[in-house]
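Presented below is the structure to which this report refers.
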Amino acid sequence: MGAGPGRSSPRGVTHGLHLHPLATISGTYYVRTPRGVPGLKLEDPRLDRYMAAPPRRSDARQHPWVTMPVAAGTVLLFESWLRHEVPANPVAAERVSVSFNY
């Protein structure tokens, strides 16, 4: 789901971990999001700072990702330096989105 014109993602299509250099704000407009498609995964930007962090409680969130749910007709904006990825589409219907940078 790169920047530019609308992108269709059939079953199994993914867009690996990346960021958007030379931009300030990036976003995606979701045109079609069939039931069962995953949201946009955003990497926790504090990863390199966890080295000296105190131990976490056993019931605390342990993964370095936050997944933003997506729905047709919505726009998701995020700062362009934030690494993110689009997980594989597990359903037969195509996911359609338009991504952009400012």
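Each reported figure results from applying straightforward, stated rules to the coordinates on display, with no laboratory input. These numbers come from a predicted model, not from an experiment. Here Cβ is always computed from backbone atoms with ideal geometry, including for glycine, and neighbour counts include all displayed protein chains.
Set the Förster distance to 22 Å, then compute FRET efficiency between A72 and S8 from the Cβ-Cβ distance, nearest 0.05. Mind dumping the intermediate values first?
Numbers: r = 13 Å, r/R0 = 0.61.
Efficiency at R0 = 22 Å is approximately 0.95.
Given H placed 1.01 Å from N in the peptide plane, which residues other than close sequence neighbours of V91 have an amide H under 5 Å from its amide H?
G12
For D44, what residues show an amide H to amide H distance below 5 Å, using hydrogens built from the backbone and excluding near sequence neighbours?
W65, V66
At R0 = 25 Å, how high is the FRET efficiency between E79 and V31 if r is their beta carbon distance? Nearest 0.05 is fine.
0.60
With a sphere of radius 10 Å drawn around the Cβ of A93, what net charge do the other residues whose Cβ falls strictly inside it have (Lys, Arg +1; Asp, Glu -1)?
Numbers: positive: R11, R32, R35, R95; negative: E94.
Surrounding charge for A93 is +3.
Using a simple spin-label model with points 7 Å from Cα along the Cα→Cβ vector, what separation in nm is obtained for L17 and S58?
Calculated label separation equals 2.9 nm.
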